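Trainee: Just passing along the structure, written as structure tokens.
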Amino acid sequence: MAWINVINEEKATGSLRDQYKNLIEPWGGVDNILKIHSLNPESLDAHVRLYKMAMYGKSSVQRREKEMIAVVVSTINQCHYWIIHHGEGLLKLTKNKTLVNQLKSDYKLADITPQQMAMLDYSVKLTERPGDMILEDVDRLRDAGFNDRAILDINQIVAYFAYVNRVADGLGVELEDFWEKK
């Protein structure tokens with residue numbers, strides 16, 4: 001399980017139980033990355049809202065591109081939990097196992113558009129060297145065709161995965177049992 005106490009679905013009460021009811025996944029339970037917040041239901045609520053905004057909110061950044069960012073940032077951060085989760089998400093969207101594997105090993109070798117490459121270059125630099133970011137990094141996204149709202153959305157997705165990768169790895173969040181059957 002995790003390195004801190006976690007309240008499972010069957011022991012949840014009050015607002016935690018109510019939140020869990022809305023978070024049941026098709027596999028039949030709540031993902032471990034969400035259950036890690038069980039000792040602080042307000043944190044769970046904030047995490048879910050941030051995730052939904054970043055990954056499902058209205059944006060000109062396409063869903064598959066959001067998943068590409070998730071995979072690449074999680075790979076850089078060596079966060080196994082999210083590499084698996086979002087690698088699978090990207091695979092479902094693209095049906096392209098080669099693309100997913102390329103993004104997990106070296107995104108520079110991936111068969112993607114120049115706009116997607118610019119997006120991932122920005123994401124990688126922000127992940128690896130946030131203090132080195134300069135205006136020209138944003139200008140390269142503009143030159144690739146992203147408007148300022150899309151640039152904000154890309155930044156928010158990168159920042160979300162910096163946060164959530166550290167939650168997973170810093171608290172020992174393990175993959176759900178159903179992954180072993182895949």
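The values are calculated or read from the model by the stated rules, or taken from the named source; none is laboratory data. Keep in mind it's a predicted model, so treat the numbers as computed, not measured. In this analysis, Cβ positions are derived from the backbone assuming ideal geometry, glycine residues included, and neighbour counts consider all displayed protein chains. With ligands, DNA and RNA removed, areas are computed over all heavy atoms of the protein, side chains included. Shrake-Rupley method; radii C 1.70, N 1.55, O 1.52, S 1.80 Å.
Trainee: Tell me, what % of the accessible area of segment 98-166 is carbon and sulfur with a 1.4 angstrom probe?
Mentor: Carbon and sulfur: 52 percent of the exposed surface of segment 98-166.
Trainee: What order do you get for 156-162, 145-151 when each peptide is scored by the mean count of other beta carbon atoms within 10 Å, highest first?
Mentor: Result, highest mean first: 156-162, 145-151.
Trainee: Give me Rg/Rg_expected for segment 1-56, where Rg uses Cα atoms only and Rg_expected = 2.2 N^0.38 Å with N residues.
Mentor: With N residues counted in segment 1-56, Rg over 2.2 N^0.38 Å equals 1.06.
Trainee: Output the direction-averaged projected area (hull surface divided by four) of the convex hull of the alpha-carbon atoms of segment 63-104, in nm².
Mentor: Mean shadow area of the hull around the Cα atoms is 2.3 nm².
Trainee: In nm, give the distance between the simple-model label positions of residue 4 and residue 60, each being 7 Å from the Cα along the Cα-to-Cβ direction.
Mentor: 3.9
Trainee: Using just the helices of the chain, give the 222 nm mean residue ellipticity in deg cm²/dmol: DSSP H runs with n ≥ 4 each add -39,500 (n - 2.57), and the total is spread over all residues, rounded to 500.
Mentor: -20000 deg cm²/dmol
Trainee: May I pose another question? Identify the trypsin sites (Lys or Arg not before Pro) of segment 26-71 meeting these criteria: DSSP loop state and at most 12 other C-beta atoms within 10 Å of the C-beta.
Mentor: Those that pass, being in a loop and sparsely packed, are 58.
Trainee: Leaving ligands, DNA and RNA out of it, rank 37, 80 by accessible area with a 1.4 Å probe, largest first.
Mentor: 80, 37
Trainee: Let me ask something else about it. Which value, in Å², gives the accessible area per residue of segment 1-59 when a 1.4 Å probe is used on the protein heavy atoms?
Mentor: 61
Trainee: Here is a further query. With all protein chains present, calculate the accessible area of residue 36 using a 1.4 Å probe and round the result to the nearest 10 Å².
Mentor: For residue 36, the solvent-accessible surface is approximately 10 Å².
Trainee: Here is the link list: 52/95; 108/181; 11/104. Which ones come out longer than 27 Å on Cα distance?
Mentor: 108/181; 11/104
Trainee: Find the percent of Cα-Cα distances in segment 56-157 that exceed 16 Å, and round it to a whole number.
Mentor: That tail contains 53 percent of the Cα-Cα pairs.
Trainee: Taking a 1.4 Å probe, which of 98, 75 shows the most accessible area, and what order do the others take after it?
Mentor: Reading off the accessible areas and sorting them downward yields 98, 75.
Trainee: Still on this model: For the chain, set up a GNM with springs between Cα atoms under 10 Å and report which of 131, 57, 172 has the largest fluctuation.
Mentor: 131
Trainee: Now for a separate question. Segment 1-94: percent of C-alpha pairs farther apart than 24 Å?
Mentor: So the pairs more than 24 Å apart make up 27 percent of the total in segment 1-94.
Trainee: Let me ask something additional. Kirkwood-based Rg over Rh for segment 40-116 (C-alpha set), two decimals?
Mentor: 1.01
Trainee: Let's test this: bin the Cα-Cα distances of the chain at 10 Å from zero up to the farthest pair and state each bin's percent.
Mentor: With 10 Å bins starting at 0, P(r) equals 9, 35, 35, 16, 4, 0.
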